[in-house]
Amino acid sequence: MSRDPQQSKDFSQEDEAIARFREDLKQRFPLPTPTPAKNKRPAGKTLGLLLLALAAGVAWIDPAYRSEHFASQVGQRQALQLADGTHVLLDSNTQMTISWHLRSRQVELKAGQALFEVSPMVYRPFLVDAGVAVVRVVGTRFNVARQEHNVQVCVVEGKVTVRALATGSVAALEPGQQLQLHKGREARVSRVDVDDVTAWQQSRLVFESTPLEEVIDTLQRYHRQPIRLMDPGLARLPVSGVFDSARVDRLLALLPGILPLSVSTAADGSVRIDSPGKKK
């Protein structure tokens, strides 16, 4: 892939930023004060040891020299090309911060969903912090969705590793595999149709026996007002079908016809999903 002039300019700026860190590193790792010694080491050996210590310090601190924040609005998708050539597509109502480090590229997916196509850089891995899990790749294509403490990671191409922060367990995922991690539950890896998982790019939401609580989490990404599940006993009801993400209200109106529940709108505009016949 050829680099356009803008990318070259961005990397030139990064080189300048890294150069500025040399002075900071000198402050963090000052040269020791010379002391008298009977057997003085040759100057070359001393310099070599100091350079080794300095390199170890850089490897340990991995300082950030630039950060960027991106956000999409409800109903909006936003395509990004990062300075390293990585492509990211943000789904509706998504917030993401990326920080550029000397030895890594680090993303915090604060909320929402994103499809990443990472430019390979063997010595500078790409990390995605999704709250309860961290995704690590060198260069590949994968989808990450986060709704509060619930995270889904699906691999489209290549390989990724996912580390659950609560337990420290690590899962290696290949194309067609998805990891689901809910706070307080064990991580679950399953085979999925990646075209269905990434169908949101075409405004399609595909559910196949998906628990109602997960469906609500997904719908909330496309709905401005809160969608509240009033009866926890309904959480595991399965939902199947293909729906238009631009017409969430229509799907909500259809739910009572396919599941034993009721849907109503409160005075504040929030949507309430409850057991049928229950007093509001």
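Just so it is clear, none of the values below were taken in a lab; they were calculated from the coordinates. Treat the numbers as computed from the prediction; the structure is a model and nothing was measured. Here the Cβ is made from the backbone with ideal geometry for all residues, glycine too, and neighbour counts use every protein chain on show.
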**Item:** Label zone at ASP196 (point 7 Å along Cα-to-Cβ), backbone N below 16 Å, region 154-173
**Value:** 154-156
**Message:** Residue by residue through region 192-198, what is 3J(HN,Hα) from phi via Karplus (6.51 cos²θ - 1.76 cosθ + 1.60, θ = phi - 60°)? Round to whole Hz and write x for glycine and proline.
**Reply:** 9, 8, 5, 5, 5, 4, 9
**Prompt:** In nm, what is the difference between 0.36 nm times the number of residues separating ARG163 and ARG103 and their Cα-Cα distance?
**Reply:** 19.7 nm
**Complete:** To the nearest 20 debye, region 87-136 has a Cα-centred charge dipole, built from +1 on Lys and Arg Cβ and -1 on Asp and Glu Cβ, of 240
**Message:** With +1 on the Cβ of every Lys and Arg and -1 on the Cβ of every Asp and Glu, and nothing else charged, how large is the dipole of region 64-195 about its Cα centre, in debye rounded to the nearest 20?
**Reply:** 340
**Total charge dipole magnitude, region 203-274, about the Cα centre, Cβ charges on Lys, Arg, Asp, Glu only, Debye to nearest 20** = 180
**Asked** Exactly which trypsin sites (Lys or Arg not before Pro) in region 142-242 are in a DSSP loop and have at most 13 other Cβ atoms within 10 Å?
**Response** LYS183, ARG185, ARG224, ARG236
**Asked** If we count other beta carbons within 10 Å of each Cβ, what is the order of ILE98, ILE61, fewest first?
**Response** ILE61, ILE98
**Item:** Loop-located GluC sites (Glu not before Pro) in region 132-209 whose Cβ has at most 11 other Cβ within 10 Å (DSSP)
**Value:** GLU186
**Neighbour-count ranking [beta-carbon atoms within 10 angstrom, fewest first] of THR94, THR218, THR86** = THR86, THR218, THR94
**Fill in**
Projecting the Cα atoms of ALA79, SER92, VAL160 onto the charge dipole of region 64-195, where Lys and Arg contribute +1 and Asp and Glu -1 at Cβ, the residue farthest towards the positive end is VAL160
